[in-house]
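The values are calculated or read from the model by the stated rules, or taken from the named source; none is laboratory data. Values in this document were obtained by computation on a predicted structure and should not be read as measured data. Ideal geometry is used to build each Cβ from the backbone, glycine not excepted, and the neighbour counts take in all protein chains shown.
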Amino acid sequence: NAGVTQTPKFQVLKTGQSMTLQCAQDMNHEYMSWYRQDPGMGLRLIHYSVGAGITDQGEVPNGYNVSRSTTEDFPLRLLSAAPSQTSVYFCASSYVGPGGTQYFGPGTRLLVL
Amino acid sequence: TQLLEQSPQFLSIQEGENLTVYCNSSSVFSSLQWYRQEPGEGPVLLVTVVTGGEVKKLKRLTFQFGDARKDSSLHITAAQPGDTGLYLCAGRGVGSSNTGKLIFGQGTTLQVKP
């Protein structure tokens, strides 16, 4: 099993550009989520999904779109990048339920100039 | 909105000392998890506590879930330099609007000096 994979590992964008951060998992997990991590702020939930075709907003959804067409994939789209979106982005997956272990990908480091 | 307040945010101690990290909220969680994160990597799960009052031990680490399931603590006995890292607590919500959501605290950066 590859676990949770994320691409790219590092990206530089100019303000106003768009891009998609890819996330895939091969563990057949229902739950997938995107977080951003900034210094001193821990991990903040952007969007999450409890299954294919179902997505919902987290704490900081503005400026980001998601879709979940398959169980395996959960891409995160930035439609018009802003410097405030400079961050490290983590994708995670788990089984639904209170005790589900959340598995994280290696992260994508995004710099918006 | 469910929030988790984690304290302290930074902790620098000498090898052999004990320490406690706290994670508090005004909200009830169905479970509370603790993660450890190394630089350049994603967080890795240390433990999950589900029952109010539950205590779990992982070698020198002791985790406790509050009776009301609103708070948790992580206690490290005789800290070692290998314990250095970022520790994160995370709570999974209850209720139809929060089921499945995992909310993280701000994290505690621990430095253990030899």
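Taking the range A:1-33 as the range and being within 16 Å of A:Ala52 (Cβ to Cβ) and among the β-branched types (Val, Ile, Thr) as the test, no residue passes. Of all residues in the range B:22-31, exactly one satisfies the criterion of being within 10 Å of chain A (Cβ to nearest Cβ) and of a type in the set (Phe, Trp, Tyr), namely B:Phe29. For the residues A:Gln25, A:Gln17, A:Gln6, A:Gln57, the requirement of being at pLDDT 95 or above and surrounded by fewer than 18 Cβ atoms within 10 Å (Cβ to Cβ) singles out A:Gln17.
For every residue, the table says whether it meets (1) polar (S, T, N, Q); (2) closer than 20 Å to B:Phe104 by Cβ; (3) at the interface with chain A (Cβ under 10 Å from one of its Cβ atoms); (4) not in a loop (DSSP other than H, G, I, E, B).
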| position | (1), (2), (3), (4) |
| --- | --- |
| B:Leu11 | no, yes, no, yes |
| B:Thr20 | yes, yes, no, yes |
| B:Gln33 | yes, yes, yes, yes |
| B:Leu46 | no, yes, no, yes |
| B:Gln64 | yes, yes, no, yes |
| B:Ala78 | no, no, no, no |
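Checking each residue in the range A:61-84 for being buried (at least 18 other Cβ atoms within 10 Å of the Cβ) and of a type in the set (A, V, I, L, M) picks out A:Val66, A:Leu76, A:Leu78, A:Ala81. Restricting the search to the range B:48-62, which residues are in a loop (DSSP other than H, G, I, E, B), of a type in the set (Lys, Arg) and closer than 27 Å to A:Gly3 by Cα? The one that is in a loop (DSSP other than H, G, I, E, B), of a type in the set (Lys, Arg) and closer than 27 Å to A:Gly3 by Cα: B:Lys59. Taking A:Tyr48 as the residue in question, decide whether it is part of a strand (DSSP E or B), crowded, with 18+ Cβ neighbours inside 10 Å, in contact (Cβ under 8 Å) with a residue 40 or more places away in the chain and within 11 Å of the chain's Cα centre (by Cα). Judged against the criteria, A:Tyr48 is not a match. Considering the range A:86-113, the residues that are of a type in the set (S, T, N, Q) and surrounded by fewer than 21 Cβ atoms within 10 Å (Cβ to Cβ) include one that is nearest to the other protein chains (Cβ to nearest Cβ), namely A:Thr101.
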